[in-house]
Amino acid sequence: MPSLTVENYIKIIYQLSVDTNGEPASTGKIAVALDVLPGTVTSMLKTLSENGLATYTPYEGVKLTETGQQLALKILRRHRLIELFLAQSLGMTWDEAHAEAEKMEHAVSDELIARLENFFGYSQVDPHGDPIPRKDGALETPVGRSLSTCNEGERFCLIRVIDQSPPFLRYLSKTGLALGAEGTVSRIHFEAGVLTVSVQGKQTTMGIAAASKIFVTPS
């Protein structure tokens, strides 16, 4: 069974690769994501490569092998089903559920995960709108587009948040931008790099960069 450290690396490499449309994950970005020194990352990437979980090319980055991708999806499956349980059954906020799932994802059994999946009726997404991988690795990503690409006056429904850092999630909760929230893009200030949205009668102005981490569908 892979160690906690190996699983953390595999998950981060997978997520960074997804964020860049399949490009190799750089040593620097992995170091920042895991809060470790680049030298430590390089050493671990060599280990992952030796164990057939990744392909590491110095100065270019690392990509997961098929085996590594399967492991990454297994870890994400655990994490997202645990989040679903913590949020829906225990009433944790989405930032609390994410933090706790980070700790628990390495310890739960496959049997428990299968029971959670069945308990929630094979739900397709977690509390942040992220797709939950199936046991066979199948993954159906919700169709949507970034809030930052919407036009003025456009109505939207929030379906996914890809930045799951606690401060960002708490910020969204305060503004009413929770999963399933409906609103309108009131104004776009291109020169200032911000846009204003109206949700349940409340106006919120945020940076375009922040809006790019929120995915929506037409409402």
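Averaged per residue, what accessible area in Å² does the chain show with a 1.4 Å probe, protein chains only?
Per-residue value: 52 Å².
Please give the helix 38-50 orientation as an angle from the longest Cα principal axis of the chain, in degrees from 0 to 90, rounded to the nearest 10.
60 degrees
Determine the sum of side-chain charges near LYS213: Lys and Arg each +1, Asp and Glu each -1, restricted to other residues whose C-beta is under 13 angstrom from that of LYS213.
Local net charge: -1.
Would you kindly derive the ³J(HN,Hα) couplings of region 69-82 from the backbone phi angles with the Karplus curve 6.51 cos²θ - 1.76 cosθ + 1.60 (θ = phi - 60°), listing them in order in whole Hz, with x for Gly and Pro?
Working through the residues one at a time gives 5, 4, 5, 4, 5, 5, 5, 5, 4, 4, 4, 6, 6, 5 Hz.
Viscosity 0.692 mPa s, temperature 37 °C: give me the Stokes-Einstein translational D for region 1-109 in µm²/s, with Rh taken as the Kirkwood radius over C-alpha pairs.
D = 228 µm²/s.
Given the protein chains as shown and a 1.4 Å probe, how many square angstrom of ARG134 are accessible, to the nearest 10?
It works out to around 60 Å².
Say each of PHE119 and THR55 gets a label point 7 Å from the Cα, pointing the same way as Cα to Cβ; how far apart are those two points in nm?
Placing both labels 7 Å beyond Cα along the Cβ direction yields 4.0 nm.
Given the C-alpha atoms of the chain, compute the convex hull and give its volume per residue in Å³.
132 Å³
Rounded to the nearest Å, what's the spacing between the alpha carbon centres of region 72-99 and region 41-63? Just the number, please.
29 Å
Report in % the part of the accessible area of region 83-219 that belongs to carbon and sulfur, leaving out ligands and nucleic acids; probe 1.4 Å.
Ligands and nucleic acids excluded, carbon and sulfur reach 54 percent.
How far is helix 110-119 tilted, in degrees, relative to the longest principal axis of the Cα atoms in the chain, given as a value from 0 to 90 rounded to the nearest 10?
Roughly 20 degrees, rounded to the nearest 10.
Expressed in nm to one decimal, what extension gain is obtained for the pair ALA192 and VAL36 from 0.36 nm per residue of sequence separation less their Cα-Cα distance?
Taking 0.36 nm per residue and subtracting the Cα distance, the gain is 52.7 nm.
The values are calculated or read from the model by the stated rules, or taken from the named source; none is laboratory data. Here the structure is a predicted model, which means the values were calculated and not measured. Positions of Cβ are generated from backbone atoms using ideal geometry, with glycine treated the same way; all protein chains shown enter the neighbour counts. For accessibility, only protein heavy atoms count, side chains too; no ligands or nucleic acids. Shrake-Rupley method; radii C 1.70, N 1.55, O 1.52, S 1.80 Å.
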